[in-house]
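The values are calculated or read from the model by the stated rules, or taken from the named source; none is laboratory data. These numbers come from a predicted model, not from an experiment. Methodologically, a virtual Cβ is constructed for each residue, glycine included, from the backbone with ideal geometry; neighbour enumeration extends over all protein chains shown. Quick note on the areas: whole protein, heavy atoms, side chains included, nothing else; ligands and nucleic acids left out. Shrake-Rupley method; radii C 1.70, N 1.55, O 1.52, S 1.80 Å.
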Amino acid sequence: MTGGRQIRVELPKPFTPGMVKLAFVEGQQILIVNVGGTLRAIANSCPHAGSSLYGGKLIGAKIRCPSHGLMIDLVTGCAGAVGGLSTPVFAVEEIDGLALVTLDEPGD
Ligand code: FES
């Protein structure tokens with residue numbers, strides 16, 4: 001376990017609660033979401049059929065997939081009891097207006 005690499009993503013200013021940034025990070029699309037003042041990062045791919053989650057409605061710490069309405073937890077990436085589906089989530093912190101997203105190293 002190496003702890004992964006940290007990638008810097010510039011955030012809109014201000015980046016207030018409820019805002020979502022779609023970031024393109026090393027070939028991956030990652031949503032960075034301000035959930036009540038805490039940043040969350042999740043792969044931009046619904047675990048149901050792979051739709052983009054960007055534009056999905058935020059409800060608390062969950063996002064509703066725009067395609068078929070699956071609710072995905074932005075903390076765990078889990079889609080509730082729906083067949084154990086989940087989307088990867090990433091550690092993220094905000095420092096000086098930048099999001100530091102920790103990507104897993106291959107093989108971690
Ligand atoms: S692709 Fe997201 S709910 Fe179907």
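Overview of results
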{"quantity": "Å² per residue, accessible surface of segment 5-103 at 1.4 Å", "calculated": "52 Å²"}
{"quantity": "Burial ranking of peptide ranges 32-44, 68-80 (average Cβ count within 10 Å, highest at the top)", "calculated": "32-44, 68-80"}
{"quantity": "Cα centroid separation - segment 8-24 against segment 53-108, whole Å", "calculated": "14 Å"}
{"quantity": "Percent carbon-and-sulfur accessible area, the chain, ignoring ligands, DNA and RNA, probe 1.4 Å", "calculated": "52 percent"}
